[in-house]
Amino acid sequence: MSALSNRINNLSESATIKMAKMGRELAAKGVDVINLSFGEPDFKTPNYVKDAAKKAMDDNYTYYTPVAGYPELRKAVVAKLKNENGLDYDFSQVVVSTGAKQSIANVLFCLVNPGDEVIIPTPYWVSYSEVVKLVEGKCVFIDTTVDQDFKISPHQLEAAITPKTKLFMFSSPCNPTGSVYSKSELEALVKVFEKHPDVYILSDEIYEYINFVDKHESIAQFDSVKDRVIIINGWSKGYAMTGWRLGYSASNTEIATACDKLQGQITSGTSSISQRAGLAAYAGSLESVDEMRNAFKKRRDIVYKLLKEIDGIKVNLPDGAFYFFPDVTYYFGKSYNGKTINDADELSIYLLEEAHVSTVGGDSFGDKKSIRMSYAASEEKLVEAMARIKAALGKLK
Ligand code: PMP
Ligand code: GLU
C-alpha cells in the first residue's frame, strides 16, 4: 500500500513536463531530438532585466520580501494594468507569486470548496484540471473543436452553469490552441455571466504579449463582471523569464487578501531578485516583447504552411501564444512496423521515436484528437521538424 496521500496518488504528472523530460532523455543518448513539447520561449531574458537582477544582489535585495511582493512591484503591475489594459486596481489587490502557476493554485485553494464545480473549456492547459482535483472541486468541461477555432459559444457556457458552479477558468491567448477571444466574443460570454452573479472567472492572460491579431482584450474590462474576475499574468512568456518564477493575480480585495494569507503559509514572497528583475522589465520599453512576438508570428506562418501540406492534418491558424493543436484523427487505426496508432498520445510517442520530434499528446489537455506542438524553436529547427513529421506520418498506412 502506498504511504502517500490519496490527494497525491490521484494527481497526474504534468504531461508537458513529462514529454520534455522524455525528449531530453533521448537526446542524452545522442539522438538529435527537436523539442516542440515544452511551452517555453527560446529567447534570452532581455539584458536590461538581467542587469537589474545583478544590481539587486549588490544592493542587498536578499531578504524575505513582503508575502504578496514588494509594494513597488505591485504598483508597477497596477500601472501596467491601467496603461495597457485600461483597468483600475489598487496595489493591495495584486499578489505576486512564484510563477503564474502558483497564482492559479492560490486562487483555486482560496475559492473552491469540495464538490464545487469549475467550468473549463477544452482543450485547456494541463495543470487546470489537476489543481481543481487537488482542491477537490469537480471539473465540468465544455468541449470545443478545431472547426469552431476552439472557442466556446455563449450557449455552451449557459448550458454548463449549474447552481454548484463556482468558477469558470480559461486562457486567452490559449494554451494549447493559440485561440484568442475577441472583445465581442468576450462580451457575449459576459452577457451569460451577468445572469449568474455567483460565478467567478479566472482569466489566464499569461500569453497576452504573444497576440498576432489585435490588442489584448481582458474579460475584466466589462464592469458588470470585473469584481469577480481574477486576472492571472506574469513575466514567463512575454519577457522570456520562465526560470525566474514570477507571476501575479489581480482580483477583488477579498480574494487577494486570501491569496496573501495562503502564500504566507506555503512559500512566502517569491525571490527578491526575481521581483527586482520583474520591476525592471515593466519599467523598460516593450521593444524586446515586440521583437519576440514578431519572431513568433513569422514562425507561426512557416509552420502553418508546412502543416497544411501534410495529409490528413486538420489545423486552425492560431491568433496567439506559440502552439499548434492539430487534429490528427486521420492517422488513428493506421500502422507502421507492426505498431498501430490508436490515439493522439500514441501518435505523439510515435513521432518522438520515429521522427525524433517531441510533441505532447492531447489527452492531458482534455482532447484526445489532437497533439500540441510548440513553435518556440528556431525557424531552421521548425522546418526540419515539420519535414521529419511529414515523413514519419507518411509511413503510417
Ligand atoms: N498558464 C498557462 C496557460 C501556461 O501555459 C503557463 C505556462 N507555464 C502558466 C500559466 C504558468 O506560467 P508560469 O511560468 O508563470 O508559472
Ligand atoms: N506552460 C508550459 C507548457 O505548457 C510550461 C510547462 C508547464 O509549466 O507545464 O508547456
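The values are calculated or read from the model by the stated rules, or taken from the named source; none is laboratory data. Just so it is clear, the model here is predicted, and its values are computed rather than measured. Neighbour counts are summed over all protein chains in view; Cβ atoms, including those assigned to glycine, are modelled from backbone coordinates with ideal geometry.
Can S358 be described as within 16 Å of ligand 2 (Cβ to nearest atom), among the polar types (S, T, N, Q) and closer than 30 Å to Y48 by Cα? It is false that S358 is within 16 Å of ligand 2 (Cβ to nearest atom), among the polar types (S, T, N, Q) and closer than 30 Å to Y48 by Cα.
Among the residues of the stretch 93-104, not a single one is among the polar types (S, T, N, Q) and on the phi > 0 side of the Ramachandran plot. I'd like to check something: does the stretch 273-287 contain any residue that is in a helix (DSSP H, G or I), out of contact with any Phe, Trp or Tyr (no Cβ under 8 Å at 6 or more places or on another chain) and closer than 18 Å to P41 by Cβ? Checked against the condition, which is being in a helix (DSSP H, G or I), out of contact with any Phe, Trp or Tyr (no Cβ under 8 Å at 6 or more places or on another chain) and closer than 18 Å to P41 by Cβ, the stretch 273-287 yields at least one hit.
Restricting V289, V225, V192 to residues that are under 30 Å from P326 (Cα atoms), more than 22 Å from the chain's Cα centre (by Cα) and either aromatic (F, W, Y) or crowded, with 17+ Cβ neighbours inside 10 Å (or both) narrows the list to V192. Tallying residues that are more than 16 Å from ligand 2 (Cβ to nearest atom) and not in a strand (DSSP E or B) within the stretch 88-105 yields 6.
Of the candidates L87, L108, the single residue that is hydrophobic (A, V, I, L, M, F, W, C), more than 13 Å from ligand 1 (Cβ to nearest atom) and out of contact with any Cys (no Cβ under 8 Å at 6 or more places or on another chain) is L87.
For (1) within 20 Å of K390 (Cβ to Cβ); (2) out of contact with any Cys (no Cβ under 6 Å at 6 or more places or on another chain); (3) not charged (D, E, K, R), each residue gets a yes or a no:
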{"site": "D260", "(1), (2), (3)": "no, yes, no"}
{"site": "S272", "(1), (2), (3)": "no, yes, yes"}
{"site": "Y304", "(1), (2), (3)": "yes, yes, yes"}
{"site": "V328", "(1), (2), (3)": "yes, yes, yes"}
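Among the residues of the stretch 202-213, those that are touching a helix residue (DSSP H, G or I) at 6+ places or on another chain (Cβ under 6 Å) and more than 16 Å from ligand 2 (Cβ to nearest atom) comprise S203, F212. Would you check if there is a residue in the stretch 188-210 being touching a Phe, Trp or Tyr at 6+ places or on another chain (Cβ under 8 Å), closer than 25 Å to N294 by Cα, away from ligand 1 (no atom under 16 Å from the Cβ) and touching a residue at least 40 places away in the same chain (Cβ under 8 Å)? No, the stretch 188-210 contains no residue that is touching a Phe, Trp or Tyr at 6+ places or on another chain (Cβ under 8 Å), closer than 25 Å to N294 by Cα, away from ligand 1 (no atom under 16 Å from the Cβ) and touching a residue at least 40 places away in the same chain (Cβ under 8 Å).
Given the stretch 189-267, what strands (runs of 3 or more DSSP E) lie entirely inside it while holding 2 or more residues that are of a type in the set (A, V, I, L, M) and modelled with pLDDT of 95 or more?
Hits in the stretch 189-267: 200-204, 229-234.
The C-beta contact set for the stretch 1-23 (first residue of a type in the set (A, V, I, L, M, F, W, C), second residue assigned to a helix (DSSP H, G or I) and within 16 Å of ligand 1 (Cβ to nearest atom), distance under 8 angstrom, 6+ apart or interchain) comprises L11/E130; L11/L134; A15/V126; A15/S364; A15/F365. Here T257 fulfils each of the conditions (1) more than 16 Å from ligand 1 (Cβ to nearest atom); (2) buried (at least 24 other Cβ atoms within 10 Å of the Cβ); (3) not hydrophobic (A, V, I, L, M, F, W, C) apart from (2). Being modelled with pLDDT of 95 or more, of a type in the set (V, I, T) and within 16 Å of ligand 1 (Cβ to nearest atom) is a property that holds for V94. Can you name the residue in the stretch 368-387 that is of a type outside the set (G, A, S) and within 16 Å of ligand 2 (Cβ to nearest atom) and, of all such residues, is farthest from N294 (Cα to Cα)? The residue in question is I371. Mind telling me which of the residues N47, N9, N60 ends up being at pLDDT 95 or above, within 26 Å of the chain's Cα centre (by Cα), exposed (fewer than 12 other Cβ atoms within 10 Å of the Cβ) and away from ligand 1 (no atom under 16 Å from the Cβ)? N47 is the lone residue from the list that is at pLDDT 95 or above, within 26 Å of the chain's Cα centre (by Cα), exposed (fewer than 12 other Cβ atoms within 10 Å of the Cβ) and away from ligand 1 (no atom under 16 Å from the Cβ). Selection within the stretch 121-151: residues that are crowded, with 23+ Cβ neighbours inside 10 Å and within 12 Å of ligand 1 (Cβ to nearest atom). The member of this set that is farthest from the chain's Cα centre (by Cα) is P123.
Residue count for the stretch 347-376, restricted to those that are surrounded by fewer than 22 Cβ atoms within 10 Å (Cβ to Cβ) and not in a helix (DSSP H, G or I): 4.
Within the stretch 1-35, the set of residues being more than 16 Å from ligand 2 (Cβ to nearest atom) and assigned to a helix (DSSP H, G or I) comprises N6, R7, I8, N9, E25, L26, A27, A28.
Tell me, which residue of the stretch 305-321 that is small (G, A, S) and within 16 Å of ligand 2 (Cβ to nearest atom) is surrounded by the most Cβ atoms within 10 Å (Cβ to Cβ)? So, considering only residues that are small (G, A, S) and within 16 Å of ligand 2 (Cβ to nearest atom), the one surrounded by the most Cβ atoms within 10 Å (Cβ to Cβ) is A321.
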